[in-house]
1. Return the calculated 222 nm mean residue ellipticity for the chain, to the nearest 500 deg cm²/dmol, obtained by summing -39500 (n - 2.57) across DSSP H runs with n ≥ 4 and dividing by the residue count.
2. Measure off 7 Å from each Cα along the Cα-to-Cβ vector at Phe209 and Ser143, then give the distance between these two points in nanometres to one decimal.
3. What longest region of the chain stays clear of GluC sites (Glu not before Pro) that DSSP places outside H, G, I, E and B and that have at most 16 other Cβ atoms within 10 Å?
4. Within the chain, what's the longest run with no trypsin sites (Lys or Arg not before Pro) in a DSSP loop and at most 16 other beta-carbon atoms within 10 Å? Give the range, please.
5. Taking the chain as a Gaussian network, Cα atoms linked when under 10 Å apart, which of Asn21, Asn104, Asn38 shows the biggest mean-square fluctuation?
6. What does the charge dipole of the chain about its Cα centre add up to, to the nearest 20 debye, if the Cβ of each Lys and Arg holds +1 and the Cβ of each Asp and Glu holds -1?
7. For the chain: lysine pairs with Cα atoms under 15 Å, gap of 8 or more or different chains, count?
8. Dipole size in debye (nearest 20) for segment 179-238 around its Cα centre, Lys and Arg Cβ +1, Asp and Glu Cβ -1?
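Coordinate-derived values only; no laboratory data. Note that the coordinates shown come from a computational prediction; the quantities given were computed from them, not determined experimentally. Cβ: placed from backbone, ideal geometry, glycine included. Neighbour counts: every protein chain shown.
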Amino acid sequence: MSALETTALIKRFGGVQATDNVSISLEPGQLHAIIGPNGAGKSTLIGQLAGEIRPDSGAVKLLGQDVTTSSVVARAKLGLARTYQITQLAKEFSALDNVLLACNARARHNFRFWRSAHDDQAAVSEAMACLATVGLRDIAQRSVNELAHGEQRQLEIAMALATQPKILLLDEPLAGMSQGESAAMISLLKSLKGTYPILLVEHDMDAVFALADRVSVLVYGRIIASGSPPQIRANPEVRAAYLGDEHTETSAS
Ligand code: ADP
Ligand code: MG
């Protein structure tokens, strides 16, 4: 059984075919990367997987269950966690408070004021464990405003882990990062893959080729190729459509 699977997914925005007959699957224990140029439809695809965007047609299955018409909350309860291309943190709160909010959302499925969570020692140690996993244990008490961009992205992963997910959807976790920050995030993702099936939308090709078990290439809403990183690297259609002259020259020289 696939962790996540789409069948012939279609989504139009006016005249734009943002998702054009997309059938992909994420297998247990795998990191499947979706790459493609800006506007290819990557975020739209993630939105349909998470339940934020309703497809015009086609189906989405989560752990074998048809969730095509299920809400974001229903999918989250089944174990789907996602991070966003643009950070969604409560910036004036501490890193720990942000993770506690995510723990709370899972534990009670209803909203509790964050302050009361501090009393809950179990929640605090669970949140601290998530922060430790992403390497942020030492800055748990710092407010998000004071964190570097890379640390904020790591914090978002900690929040996703706090929901005790079965599947991770990550939308461009390396966006806007310095080289050092990227390296830290790549090793974090390496440590998480295997534990969680991960669907990773990413622009950074080197990271994708370093991390992915499987790569699918999205261009104008369509999957033009899907395969192992070496297969994708060698695919002439992919090189023409996406990798472009720059990559062709680099690898040829
Ligand atoms: P990517 O994440 O690969 O950059 P997107 O999924 O954001 O691509 O966008 C795919 C296409 O769909 C683009 O042409 C974009 O302008 C269009 N699009 C995305 N969301 C909307 C929307 N809510 N309304 C209208 N057009 C949209
Ligand atoms: Mg996007």
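1. On the way: 10 runs with 97 residues, N = 253.
-11000 deg cm²/dmol, from helical runs alone.
2. Here the modelled spin labels are 4.3 nm apart.
3. Working: sites that count: Glu52, Glu92.
With GluC sites (Glu not before Pro) excluded where exposed in loops, the chain gives 93-253 as its longest stretch.
4. Numbers: sites that count: Lys91, Arg112, Arg142, Lys166.
Longest gap between qualifying sites, sites excluded: 1-90.
5. So, out of Asn21, Asn104, Asn38, the one fluctuating most is Asn38.
6. On the way: 23 positive and 26 negative charges, 155 e Å.
With only Lys, Arg, Asp and Glu charged at Cβ, the dipole is about 740 debye.
7. Values: Lys11/Lys42; Lys61/Lys77; Lys61/Lys166; Lys77/Lys166; Lys166/Lys193.
Counting lysine pairs in the chain gives 5.
8. On the way: 5 positive and 6 negative charges, 41 e Å.
Taking the Cα centre of segment 179-238 as origin, the dipole is about 200 debye.
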